[in-house]
Amino acid sequence: MKTATQLNLALFRDDEGNSVRITVLGALQGVAGGLAAEIVVDTPFVAGRMNLSLWRSRLTSWGEALDRLEVGEDVAWLHVQRGPSIFIRLSGERDCPEVVVEDDLVSMVTVRVPIDLPADWISTHRRLLGAVLSAWDDHLSRE
């Protein structure tokens with residue numbers, strides 16, 4: 001089985017020290033075709049991390065979310081599934097994009113992170129997604 005080093009799937013950060021990162025850590029132990037990942041929130045005010053499981057379908061839905069963001073729509077990724085949800089609002093409460101990480105199931109915590117994103121952030125995220133799919137294609141199940 002092919003293994004890869006840790007790869008970022010998403011990396012939202014700005015010059016103010018705010019970031020939300022989703023990193024693929026490796027194969028999900030005991031689950032065929034799954035990937036272990038983590039969501040890391042790091043701001044001057046709050047920091048935390050949580051585990052996330054990924055499959056091909058979740059990666060595909062991330063690509064679809066990027067398509068919607070590119071045409072100016074806000075997205076809710078993983079919202080109706082078990083585990084954390086990620087919301088990306090292009091015009092948040094502070095008049096800039098914001099990433100909201102919500103964990104209703106385990107910690108019952110929601111974190112809203114305003115992030116001043118660079119102009120090319122969607123194309124950057126398409127490259128990150130492509131790198132993850134390329135590195136883990138043989139491992140991911142064909143759901």
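Tabulated data
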read-out: Test result for Ala131, aliphatic (A, V, I, L, M) and either open to solvent by 50 Å² or more (accessible area, probe 1.4 Å) or within 12 Å of the chain's Cα centre (by Cα) (or both); value: no
read-out: Strands (runs of 3 or more DSSP E) lying entirely in region 1-89 (those with 1 or more residues that are buried (at least 19 other Cβ atoms within 10 Å of the Cβ), among the basic types (Lys, Arg) and in contact with a helix residue (DSSP H, G or I) (Cβ under 7 Å, 6 or more places away or on another chain)); value: none
read-out: Selected residue (criterion: nearest to Leu9 (Cα to Cα)) from residues of region 97-111 that are surrounded by fewer than 16 Cβ atoms within 10 Å (Cβ to Cβ) and out of contact with any Ser or Thr (no Cβ under 8 Å at 6 or more places or on another chain); value: Thr110
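Matching residues to (1) among the β-branched types (Val, Ile, Thr); (2) under 23 Å from Asp116 (Cβ atoms):
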{"residue": "Val24", "(1), (2)": "yes, no"}
{"residue": "Ala32", "(1), (2)": "no, no"}
{"residue": "Thr43", "(1), (2)": "yes, yes"}
{"residue": "Gly48", "(1), (2)": "no, yes"}
{"residue": "Leu52", "(1), (2)": "no, no"}
{"residue": "Trp62", "(1), (2)": "no, yes"}
{"residue": "Leu66", "(1), (2)": "no, yes"}
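The values are calculated or read from the model by the stated rules, or taken from the named source; none is laboratory data. As the structure is a prediction and not an experimental result, all values here were calculated from the model. Note that we place each Cβ from the backbone using ideal geometry, even for glycine, and neighbour counts take in every protein chain shown. The accessibility values were calculated without ligands, DNA or RNA, using every heavy atom of the protein model including side chains. Shrake-Rupley method; radii C 1.70, N 1.55, O 1.52, S 1.80 Å.
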